[in-house]
Amino acid sequence: MANLSLKNLVKAYGATEVLHSINLDVEDGEFVVFVGPSGCGKSTTLRMIAGLEEVTGGSIVIGDREVNNLEPKDRDIAMVFQNYAIYPHMTVKKNIAFGLRSSKLPKAEKEQRILEVAGILGMEDLLERKPDALSGGQRQRVAIGRAMVRDPAVFLFDEPLSNLDAQLRTQMRLEIKKLHQRVGSTIIFVTHDQVEAMTMADRIVIMKDGHIQQVGTPDEVYRNPANAFVAQFVGAPSMNMIAGTYDGTQVALSSGQTLDLQRGAAAGTDILLGVRPDDLHPVADNAIVEGKVAVREPLGPETLIYVDTPSGEVVAKADGRRPPEVGEVVKLGAATDDLHLFDAKTGQVVS
């Protein structure tokens with residue numbers, strides 16, 4: 001295991017810069033997830049750490065050494081790709097052993113390590129099977145085992161669950177998290193799925209257009225987003241955004257409502273009031289917005305309601321046993337502590 005530091009990391013293709021001065025410190029044994037929309041730079045960052053992309057500027061430090069100019073095989077990393085890339089003509093045992101092909105370990109020690117990894121992954125009974133006799137989740141475990149058997153300083157996962165169906169993805173998320181808790185490895189995991197990021201990470205790195213937008217625990221990025229992009233990217237459904245202005249003591253919303261909020265914005269600032277659907281509910285008074293229910297989505301104990309308001313469509317949660325009817329006019333409110341204020345021009349949070 002090892003810590004990892006990215007220092008002013010830059011990647012450019014010709015005159016086009018796609019990664020802009022990325023700085024990040026990953027602690028020894030930490031599980032860090034890079035997440036963001038397609039094209040944000042998360043996979044490029046991972047490939048630079050792996051040595052599959054050249055560094056344009058800045059440095060990558062693994063443990064106590066800079067690895068910018070080292071070949072991938074010399075960086076003490078192991079990578080698990082989106083495609084399993086396991087050999088169909090080899091047994092599970094031989095596929096896992098392939099990770100030790102260049103190792104100078106004695107044969108007995110190699111055998112012991114293969115059996116240990118198979119035990120950790122629960123694959124002892126599958127060692128003599130070939131990949132065509134395995135499920136998608138089992139094949140992905142073989143790919144993870146091939147990486148694990150090397151005992152690298154850092155594991156790199158590049159969207160490894162993308163090819164699995166929904167049920168297998170849920171299962172593999174749990175298995176990878178259990179694996180991390182058991183072996184304590186340093187893991188960098190890339191995904192476009194914010195649910196994967198929220199459920200697996202110690203810390204999440206949220207990226208957009210080659211810039212890091214926020215780094216924090218799942219709870220931090222969910223409850224205290226640094227800007228409007230993070231606020232809407234994290235959470236499903238997305239955070240509601242209602243336009244308004246701030247006069248120094250009150251927020252005047254486009255819905256016609258006014259709210260007493262003491263925040264740090266200057267008077268006359270155009271703002272966006274953010275409120276998560278989980279925090280917005282039908283109320284009798286002190287409403288933020290009012291409108292007509294357009295669609296209901298029953299979720300058992302709760303029902304999502306999509307409400308047409310003067311400020312546009314907003315999403316709220318109602319009691320699943322007595323949800324408002326489609327076409328019914330409802331008032332929606334939230335606790336003051338659950339309201340977020342963002343500068344409409346910069347998108348930055350107003351605290």
| said: Tell me the carbon and sulfur percent of the accessible area for the chain, rounded to whole percent, probe radius 1.4 Å. | reply: 46
| Nearby lysines by direct alpha-carbon distance to Lys177 (threshold 28 angstrom, same-chain neighbours under 8 apart not counted) | Lys7, Lys42, Lys73, Lys93, Lys94, Lys110, Lys130, Lys208
| Which percent, nearest 5, of DSSP beta bridges in segment 42-189 are antiparallel? | 20
| request: Round to the nearest 10 and give me the degree value, 0 to 90, for the angle of helix 136-148's Cα axis relative to the longest principal axis of the chain. | output: 60
| query | For helix 166-183, what angle does its Cα long axis make with the longest principal axis of the chain, in degrees from 0 to 90 and rounded to 10? | reply | 60
| request: Name the lysines eligible as straight-distance cross-link partners of Lys317: C-alpha to C-alpha under 21 Å, and not fewer than 8 places from it in the same chain. | output: Lys292, Lys331
| message | What's the ranking of 104-117, 272-285, 289-302 by average number of surrounding C-beta atoms within 10 Å, highest first? | response | 272-285, 289-302, 104-117
| remark: The helix 107-120 Cα axis meets the longest alpha-carbon principal axis of the chain at an angle in degrees, between 0 and 90 and rounded to 10, of 30
| 222 nm [θ] for the chain, helices only, -39500 (n - 2.57) per DSSP H run of 4+, per residue, to 500? | -6500 deg cm²/dmol
| message | Leaving out ligands and nucleic acids, and using a 1.4 Å probe, what accessible area per residue does segment 211-256 come to in Å²? | response | 41
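The values are calculated or read from the model by the stated rules, or taken from the named source; none is laboratory data. Worth saying up front: this structure is predicted, and the values here are computed from it rather than measured. We place every Cβ from the backbone using ideal geometry, glycine too, and count neighbours over all the protein chains shown. Just the protein is used for accessible areas: all its heavy atoms, side chains included, with ligands, DNA and RNA removed. Shrake-Rupley method; radii C 1.70, N 1.55, O 1.52, S 1.80 Å.
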